[in-house]
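Worksheet: one structure, shown below.
The values are calculated or read from the model by the stated rules, or taken from the named source; none is laboratory data. Keep in mind that this is a model prediction, so the values were computed, not measured. Glycine gets a Cβ as well: all are built from the backbone with ideal geometry, and neighbour counts include every protein chain shown. Calculation scope for accessible area: heavy atoms of the full protein, side chains included, ligands and nucleic acids excluded. Shrake-Rupley method; radii C 1.70, N 1.55, O 1.52, S 1.80 Å.
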Amino acid sequence: MSIVVRRLLALAFAFVPCAALAAPATLLPIQDFVRRGELSNPSLSPDGQLLAVAVRSTDDDGNNRYQLAVLHLPDLKPLSRLDMARRNVPGQVVWVSNTRLVVALAYESAWLDVPQMTGELVALDYDGSHKTTLYSLGARGKSIHSQDMPRGSASIAGMPEPRNGHLYVNLRPMPTGSFTMYDTHSSLVYDVDSSSGRAELMGKIDKGDMNFVMHDGVARFAYGSPDAGSTIVTYARDDKDQPWRQMPASITGKALIPQRISSDGKLLWSVYSASGGPEALVASKLDGSDRKVLASDSFSAVGNVLWAPHDGAPYAVALGTGRPHFRYLDESPLAQVHKALSDKFPDEVIDIAGRSDDGMILLIHAYSDRDPGTYALFDRHSMNLRPLFQVEPWIKPAQMAERRPIRFKASDGMELDGYLTLPTDGAKTHPLVLLPHGGPIGVADGWNYDPDAQFLASRGYLVLQVNYRGSAGRGMTFQHDGYKHFGDRIQHDLIDGVHWAIDQGHADKARICVYGGSFGGYSSLMTPILAPGLFKCAIDYAGVSDWTIGMDHSDTSHFAAGQTYFADAIGDKDAARAISPLYQLDKFNVPVLIAHGEADPRVPFRNATALRSALDKAGKPYVWLSKPKEGHGFYSEKDRLDLYQHMQDFLGKYLGG
């Protein structure tokens, strides 16, 4: 360990300590917070000699164009570039051998800034040759190799180790007579040869939305939530000829999610919760017996787990709430390297984003609350750390605001966590913007660079984010506590957070606004109704004003699992109306900025138009911003810039700052 530390202390790296630079003397440009990096999604070849990376450029009309580039290491010499079709993005990139890679394509849709996977898979050699479409629903029958796979949506599930040119592909078959994969009643996993396209069925289970754990070419476990997320079920079998058997509740508890089987086939590592509390990392026999807890916490579920190569053991784990701090499970060389890097760069979280098959070359991703991230190569042979690229090089961490993890008690005694992003001006008290996350179920804010929060903090606003009931990271019970409480308990968790910030002396109680997107936009309308006089304004971004609109017209309403979700999470239409802001506007008495994409499939645009009409009828003030080509959120930089400019003007008018 001492040798590792001594050599790392001598490294020169591209991280600048936050204390080394002063806070910005002038207002940072809005453009800095809406721009996207040119390089993303790097993937390291098995021999550590090549790097694939997504490259973004902008054409004369402001549209994004993407390429997949392959670079030689360590000199970063370009070897090939593959142009993507318009609005196609390299969503996931994996190397299946030293010279061949597979790309899962994504589509650049306005989904709160997240491209959506298309279910299409393409394979090619590192030099761009021998390009093969492994799976495509839209082009089936047109030189598609894996035509024996049924119609559906494919995703990369993993690869054999060591890599041999094959990959595992999960397939969600499209039911007969249906036009959506969301209603699938079965799950399949294939071993696909990336050169020939030959697909061999490795496992099938007559349950939808399941994932598989492979070992020695056999699908040994299947797990998932076929009932729209209400429960997690786990199935097992000993060999490929056996039928699946559901593991008993006495073994699985409320959740047992298999992660990996040891190389000798004797140990199973899982994420486990006996009673619905925060999930722990455990090791057991393959039948779930002789369970041993490796990492757990009474408040937080296990988050990121780092694994040794070739079905090796976990060597480090971080919890899912607060600032990530890794706990080391052994003193292996990989654990020593990770700890030494973390000690060397204490302001950053060090993640292992990839590795060579022998584990000697590591792709490092370092990020923080103020830093969108830097990628680097670490060579364990030479103990050399070489920076590759910064995700957003124009962002200067020392100019960004601290994102401080917090915990507080809600009014009913439940302990909650969240984050305060504090302006850099040194003042004790600031105007506050409450920023609820979307979802709401199974989503959480974390300790990372958040452009919304950083933009608002750069304008002098304290930003409060609360992981309310229903959020991820606290276990199934906490997550289920959000069901049937969209309009009351979740909103009171947010309001309680605001009162906590006031009581702590952080927030100016006379200058508070709420801004959120999607479910956060709903909360932006609902919290002023439930806490009259607390808020001075609201910003509703792609938010729900009437839940019955989504029940009838959203994409979620078009498939059975979505209908089940509405029923479980909200109830019937009477319950939906009872928690819809549109029917309570007599209690909504703050000016509101309404921003919505006119092509939004998830929260249909009529949520915004119905709200506007009702506000007009009531004579209540609002500012309107809609974009005809945007969907669930604004994707283009031009439109995002317009949104932020509107927000800046709106908040300046009602809060100052």
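Local charge for Gly505 was computed over the other residues whose Cβ lies under 15 Å away, with Lys and Arg +1 and Asp and Glu -1, and equals +2.
Two-decimal Rg/Rh of the chain from alpha-carbon positions, Kirkwood Rh? Don't jump to the answer; show the numbers that get you there.
On the way: Rg = 24.9 Å, Rh = 26.2 Å.
A ratio of 0.95.
Excluding ligands, DNA and RNA, the accessible surface per residue across region 571-644 is 44 Å² with a 1.4 Å probe.
In the chain, the portion of solvent-accessible area held by carbon and sulfur atoms comes to 50 percent [1.4 Å probe, whole percent, DNA, RNA and ligands not counted].
Distant-in-sequence amide contacts of Phe221, defined by a placed amide H-H separation under 5 Å and a gap of 5 or more residues or a different chain, comprise Val213. Across region 369-375, computed HN-Hα scalar couplings (Karplus, 6.51 cos²θ - 1.76 cosθ + 1.60, θ = phi - 60°) run 5, 10, 10, x, x, 10, 9 Hz from first to last residue, x flagging Gly and Pro. Projecting the Cα atoms of Ala427, Ser136, Pro175 onto the charge dipole of the chain, computed from C-beta unit charges around the Cα centre, puts Ala427 farthest toward the positive end. Using only Cα atoms, locate the centre of region 293-315 and the centre of region 527-591, then give the distance between them in Å, rounded to an integer. Centre-to-centre (Cα) distance: 38 Å. Taking the Cα centre of the chain as origin and assigning +1 to Lys and Arg Cβ atoms and -1 to Asp and Glu Cβ atoms, the resulting dipole is close to 440 debye. Here the 3J(HN,Hα) profile of region 73-78, calculated from phi with Karplus coefficients 6.51, -1.76 and 1.60 at θ = phi - 60°, is 10, x, 7, 6, 6, x Hz, Gly and Pro shown as x. Phi angles of region 295-306 translate, via the Karplus equation with coefficients 6.51, -1.76, 1.60 and θ = phi - 60°, into HN-Hα couplings of 7, 7, 7, 6, 9, 10, 6, 5, x, 6, 10, 9 Hz per residue; Gly and Pro are given as x.
Of the listed pairs Lys254/Lys484; Lys131/Lys629; Lys131/Lys207; Lys587/Lys638, which have alpha-carbon separations greater than 23 Å here? If you can, show how the numbers build up before the last one.
Details: Lys254/Lys484 20 Å; Lys131/Lys629 32 Å; Lys131/Lys207 33 Å; Lys587/Lys638 35 Å.
Those over the limit are Lys131/Lys629; Lys131/Lys207; Lys587/Lys638.
Between amide H atoms placed 1.01 Å from N, distances below 5 Å from Val391 occur with Gly373, Thr374, Tyr375, all of them 5 or more places distant or on a separate chain. One Cα centroid belongs to region 326-374, the other to region 234-283; the line between them spans 28 Å.
Compute the Rg/Rh shape ratio of region 336-412: radius of gyration over Kirkwood radius, all on alpha-carbon atoms.
On the way: Rg = 15.6 Å, Rh = 14.1 Å.
Rg/Rh for region 336-412 comes to 1.11.
The residues of region 291-364 present an accessible area of 39 Å² per residue when probed at 1.4 Å with all protein chains retained. Can you give the local net charge around Leu420? Use residues other than it whose beta-carbon is closer than 15 angstrom to its beta-carbon, Lys and Arg +1, Asp and Glu -1. Surrounding charge for Leu420 is -4. Put simply, the amide H of Arg327, placed in the peptide plane, has neighbours under 5 Å in Val317, Ala318, leaving out anything fewer than 5 places away on its chain. What number comes out for the charge environment of Asp241, summing +1 per Lys or Arg and -1 per Asp or Glu over other residues with Cβ under 15 Å away? It works out to a net charge of +1.
What percentage of all Cα-Cα pairs in region 505-657 are separated by more than 19 Å? Everything past 19 Å amounts to 52 percent.
Over the chain, dividing the summed -39,500 (n - 2.57) contributions of all DSSP H runs of at least 4 residues by the number of residues returns a 222 nm mean residue ellipticity of -5500 deg cm²/dmol. Cross-link partners of Lys620 among aspartates and glutamates, defined as those whose alpha carbon lies under 12 angstrom from its own and excluding same-chain residues fewer than eight positions apart: Asp586.
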